[in-house]
1. Can you work out which of the residues in the stretch 46-85 that are of a type in the set (Val, Ile, Thr) and more than 21 Å from Gly233 (Cβ to Cβ) is farthest from the chain's Cα centre (by Cα)?
2. Taking Lys300 and the conditions (1) open to solvent by less than 60 Å² (accessible area, probe 1.4 Å); (2) under 19 Å from Arg576 (Cα atoms), which numbered condition does it fall short on, given that it satisfies the others?
3. Within the stretch 579-605, count every residue that is in a strand (DSSP E or B) and either closer than 20 Å to Asn324 by Cβ or among the polar types (S, T, N, Q) (or both).
4. Would you confirm whether any residue within the stretch 256-273 is crowded, with 21+ Cβ neighbours inside 10 Å and of a type in the set (Gly, Ala, Ser)?
5. Residues that are modelled with pLDDT under 90 and open to solvent by 80 Å² or more (accessible area, probe 1.4 Å): list the helices (runs of 4 or more DSSP H) wholly contained in the stretch 403-507 that include at least 3 such residues.
6. Given the criterion closer than 26 Å to Gln352 by Cβ, surrounded by fewer than 18 Cβ atoms within 10 Å (Cβ to Cβ) and small (Gly, Ala, Ser), identify the matching residue among Ala288, Ala309.
Amino acid sequence: MSELLKNLNEQQLPVAKKFEGKFIVNAGAGSGKTSTIVTRTAYMIEQGINPGSILMFTFTRKAAMEMKERMIVKIGPQAKAVTICTYHAFSSMLLRRFAHLVGYDKNFTIADSDDTEKIIKDFCGKNFKLYDIAKTQIPDWKTHGITVDVARNDKTIQNDHFTVFLVYEKYQQKLRNDNMMDFGDLANYGLELISKYSEVQEYVWNKYTYVIADEFQDSSRKDWEYINWIIRGNGNLCAVMDNNQSIYAFRGADIDFICESLIKDGFEQYVLEQNYRSTSTIVEASNAVVDNNPKIIDKKAFSEQEKGAPVFIKEVKSDKDEANYIVRGIKSLLRNGFEYKDIAILARTKKQFDLVEKAFLRNAIPYDLISGVQFCTRKEVKDLLCVLRLLLNECDEEALERIINIPKAGIGEATFNKLMVGESNNVLNKANSNLNDIKGKAYTGVKTFLSKWNELKAYSEENVLPGLIIRKYLELFDYQESHVRPVYGNTMERMVNVRELIRVADAFETIPEVLEATMSTSLDVEIDEEKNAVSMMTIHASKGLEFEAVFIIGGNESLFPHMFSYDEPHGIEEERRLWYVAMTRAKEMLMISYFNYCVIGGVPKRMQPSRFVKEIPSEYKVFKSYNNETPKVEKVNELNDVF
């Protein structure tokens with residue numbers, strides 16, 4: 001047997017040895033899924049399969065990077081030839097080659113969520129109600145494949161959402177004029193390319209023989225159609241999923257459709273059921289809750305670890321008392337050998353952390369609120385990505401608007417709009433043509449910018465690597481002293497992020513590669529693993545993470561399950577899966593709290609415990625009401641005096 005396979009268990013081994021055909025791997029939480037996928041891919045390469053013929057889809061950019069790093073460690077530099085990316089990044093790569101087929105230039109740039117909201121807001125003007133609807137409705141239409149042409153011919157949309165449709169129409173035309181696409185376009189145009197054009201099909205089917213799709217439970221109907229077109233030429237798909245962790249219905253995921261389609265299409269089924277993360281109590285308690293959901297496909301997670309502590313259920317008087325209880329609990333954990341970084345506070349929504357944050361500040365407890373501010377959307381990082389965007393695509397008005405005022409030169413919205421007057425789509429040409437219409441400090445600022453930009457452009461055209469281009473920009477525009485220090489502050493922290501971006505850019509040879517590698521969605525979560533602090537995050541953000549001790553707060557009806565789920569088809573099932581995700585983040589200690597009342601709008605409101613608390617069988621939990629005593633705790637097995 002290959003050395004690569006020796007550490008796999010009896011369920012993991014057949015997965016690693018199967019290369020051909022269509023099959024699913026239904027992998028429970030903490031079951032060694034990632035290790036199994038990495039080992040399987042390494043073993044495929046060891047057995048002579050060309051690494052360049054392997055395509056792996058992950059759900060987030062961060063997961064793709066981590067998977068690639070683990071493969072390189074496992075089998076060496078030949079693993080670099082494996083394509084590992086998100087669906088969006090794969091679409092972007094296809095479009096770099098075939099953009100002309102959908103009416104774009106290959107040097108298109110990608111609008112992030114901030115760009116999208118800004119453009120939509122400009123078209124809505126002062127109609128804030130229209131903006132609030134349009135900024136969610138337009139991306140939702142795109143998620144479900146409703147293009148402008150489809151919307152134009154949809155009677156319901158024309159009758160009920162005509163004003164939003166008009167914004168959609170203008171928004172899409174603006175993107176085309178600027179040679180830009182948003183995330184929805186990437187998905188839709190990617191599917192259009194592979195489903196309609198034989199030259200694209202030939203390219204994909206000849207290049208990729210083996211496809212792996214991770215986190216398949218969060219696939220949409222459109223994702224299913226997309227991946228089936230991708231594998232149509234060879235028929236080899238390893239779909240890795242956990243049917244109990246599908247939590248993105250609001251982004252189009254449809255777990256019932258996916259499971260039914262897998263069965264209908266005759267996929268073989270494999271399971272990874274042994275949980276290596278959590279105690280047997282946590283595994284069995286979480287199973288008991290999620291088993292209340294109907295199952296199209298199933299598995300039964302188990303743990304061979306010790307029974308461990310029970311799940312501690314705490315009833316407190318109010319949400320303020322809940323925050324104090326968490327403080328007491330953390331202090332007890334610290335006395336028993338835990339560190340701050342071993343502990344996570346999870347909640348259904350970010351708003352629930354307000355009182356906890358205040359309690360932590362009063363008690364000097366270090367914490368990180370994982371806010372969803374991703375690395376690639378930090379101001380200083382986005383500035384530099386916009387530099388690369390404009391070098392690639394001189395029609396990218398949003399990129400120019402962001403960086404033309406660096407260093408600050410009094411170029412406001414009115415001045416910038418004057419610069420953008422004209423028929424040309426090339427924003428730099430328009431700025432040059434309209435320069436003499438600008439007066440005073442702004443004139444000097446624009447003239448200086450254009451002069452330095454021309455120098456940077458000439459430098460970039462010498463086949464210079466992207467990392468060197470960023471370094472040249474920093475030097476030419478004196479970015480740190482002229483902008484970061486006076487405008488942003490926190491200079492040291494921000495320049496650390498700049499250096500990290502340069503490190504990422506140094507790994508690539510072209511600007512499009514850097515932009516694709518740094519595409520970021522709200523699903524990517526960044527955690528400072530070196531910092532000794534309690535992690536505080538929503539449960540959606542916690543997916544894929546693990547902690548020694550976990551507090552789930554706000555275990556109340558209308559909070560968790562959220563009231564918005566009550567009227568949604570399968571809404572409670574989705575909330576129950578989310579609860580399961582929260583429980584299975586815990587390795588050793590799991591604490592769940594709920595309160596009897598809270599104050600909303602100055603009025604006390606009576607609250608009830610979540611149905612999910614009640615679904616945990618009594619043999620796995622210890623229930624206690626709140627009291628203000630602080631017992632002395634000496635050992636971990638005495639923590640129940642506090643919890």
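The values are calculated or read from the model by the stated rules, or taken from the named source; none is laboratory data. Treat the numbers as computed from the prediction; the structure is a model and nothing was measured. Here the Cβ is made from the backbone with ideal geometry for all residues, glycine too, and neighbour counts use every protein chain on show. SASA here: full protein model, heavy atoms, side chains in, ligands and nucleic acids out. Shrake-Rupley method; radii C 1.70, N 1.55, O 1.52, S 1.80 Å.
1. By that ranking, first place goes to Ile75.
2. (1)
3. 14
4. No: the stretch 256-273 contains no residue that is crowded, with 21+ Cβ neighbours inside 10 Å and of a type in the set (Gly, Ala, Ser).
5. Of the helices (runs of 4 or more DSSP H) lying wholly inside the stretch 403-507, those with at least 3 residues that are modelled with pLDDT under 90 and open to solvent by 80 Å² or more (accessible area, probe 1.4 Å) span 491-505.
6. Selected residue: Ala288, the only one of Ala288, Ala309 that is closer than 26 Å to Gln352 by Cβ, surrounded by fewer than 18 Cβ atoms within 10 Å (Cβ to Cβ) and small (Gly, Ala, Ser).
Yes or no, residue by residue, for (1) over 25 Å from the mean Cα position of the chain (by Cα); (2) modelled with pLDDT of 95 or more; (3) open to solvent by 20 Å² or more (accessible area, probe 1.4 Å):
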{"site": "Gln201", "(1), (2), (3)": "yes, yes, yes"}
{"site": "Ile212", "(1), (2), (3)": "no, yes, no"}
{"site": "Glu215", "(1), (2), (3)": "no, no, yes"}
{"site": "Ser219", "(1), (2), (3)": "no, no, no"}
{"site": "Asp223", "(1), (2), (3)": "no, no, yes"}
{"site": "Val240", "(1), (2), (3)": "no, yes, no"}
{"site": "Ala253", "(1), (2), (3)": "no, no, no"}
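This table checks each residue for (1) over 22 Å from Ser318 (Cβ atoms); (2) modelled with pLDDT under 95; (3) open to solvent by 10 Å² or more (accessible area, probe 1.4 Å); (4) not aliphatic (A, V, I, L, M).
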{"position": "Pro561", "(1), (2), (3), (4)": "no, yes, no, yes"}
{"position": "Tyr566", "(1), (2), (3), (4)": "yes, yes, yes, yes"}
{"position": "His570", "(1), (2), (3), (4)": "yes, yes, yes, yes"}
{"position": "Met583", "(1), (2), (3), (4)": "yes, no, no, no"}
{"position": "Lys587", "(1), (2), (3), (4)": "yes, no, yes, yes"}
{"position": "Leu590", "(1), (2), (3), (4)": "yes, no, no, no"}
{"position": "Gly601", "(1), (2), (3), (4)": "no, yes, yes, yes"}
